[in-house]
Amino acid sequence: MALINDLTNDRTESPTGTEAEQMLRAAEDVLDRGWYLFGCPYKTKIGFRGSRGSLDALDNQHRAEALHRWTGGDNKKPANPAVRLDMSDLVVVDVDFGFEGLSDAGVIEKAASLGLPPTYTVRSGSAKGGAHFY
């Protein structure tokens, strides 16, 4: 989950740092926006064993607990940050392929040419060039 464009403040950011650092920054960004966050094992979309998955989602009022998957324990194996959409009052268009080989600006340009409105956009973990449009 690497932020590539946030049209609420015209920020474009290419991910830097280790994957663990990138995932921590993405998790912090989720909370900073007032969205609800939960963690998934690295490179998966399901909750951690023993967790309640999206039912464990927390907001910024519980920041330390919400970020525990990224700040406590083994942060060499980063957790995937996941957003609880219903509690965050969000809808996401998840595109699994079609953006491979494009720069961040190219992803935004292609999405606009396909009729997607300007929105918060992140690249997904898809090797085929996926992106999430919030």
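Every number in this text was worked out from the coordinates using simple rules, so none of it is lab data. All values reported here derive from a predicted model rather than from experimental measurement. Cβ atoms come from the backbone with ideal geometry, glycine included; neighbour counts cover every protein chain shown.
Packing around the peptides 23-36, 113-126, 41-54, taken as the average count of other Cβ atoms within 10 Å per residue, puts them in this order, highest first: 23-36, 113-126, 41-54. Computed 3J(HN,Hα) for segment 41-50, one whole-Hz value per residue from the Karplus formula 6.51 cos²θ - 1.76 cosθ + 1.60 where θ = phi - 60°, is x, 3, 6, 10, 10, 10, x, 5, 4, x, glycine and proline marked x. Here is the size of segment 57-134 from its Cα atoms: Rg then Dmax, 15.1, 43 Å.
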